[in-house]
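Let me begin by presenting the structure, written as structure tokens, before commenting on it.
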Amino acid sequence: MHSSLQLAPWLMGLYVAALIAASLIRTREIRSSSVQLLRAFFPNWKFFEDLGTLPTLSWRSGAGEDSLGPWCSPARLRPDALRFLFNPEGNLRLALGSLLQHLEADLHATDECDPEALEKATSYRLVRNWVEAEIRAAAAPSPELPGLHYQFRVVGVQPGSSSPEKDAELMLLSPVYTFGAKETVSS
């Protein structure tokens, strides 16, 4: 007669073996545009894959295309004991990091002969909106945004690099955009 205590180690071993087997299985990508709209609900959960470069975002803005300022990045969050319990800013940063990973995947999936296809991608448009929101927040007291030019880039950085600026790999450099310019993007 087997008791449940004698079966527990076998069940635990079977569970661990199933987890290892599931982590080794490669998943396939679904390229449907309607499914791509639901990606916000499914973060990029690539825990068991090789740790590669991390995409980071920076932007610059100025009065004209030739007078863009220095590259800016999102401000780092300061450690706070309250963030351990309530951390909406940290959750937003994780979601935006996942968005950059989706943009990187879209960049690799896009044909190099058709750069406009990348600009139509949902991830690209969301990153562009993110950059515009960051610029608006930085210029909050000044309403001089219409006509302001801006550009953004996504750079791959190796985790733990001693000099991230020097070791950075340019993944994407956007064209220069203008605030307030009406642009139509067809789906």
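Readers should treat all values here as calculations from the given coordinates under stated rules, not as data from a laboratory. Keep in mind that what you see is a predicted model, and the values were worked out from it rather than measured. Neighbour counts run over all protein chains shown; Cβ positions are idealised from the backbone, glycine included.
Here are the numbers for the structure shown:
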read-out	value
Mean Cβ neighbour count within 10 Å, used as a protection proxy, ranking 54-65, 166-177 highest first	54-65, 166-177
Over region 79-126, volume per residue of the alpha carbon convex hull, in Å³	70 Å³
Per-peptide average of other Cβ atoms within 10 Å, ordering 82-95, 112-125 highest first	112-125, 82-95
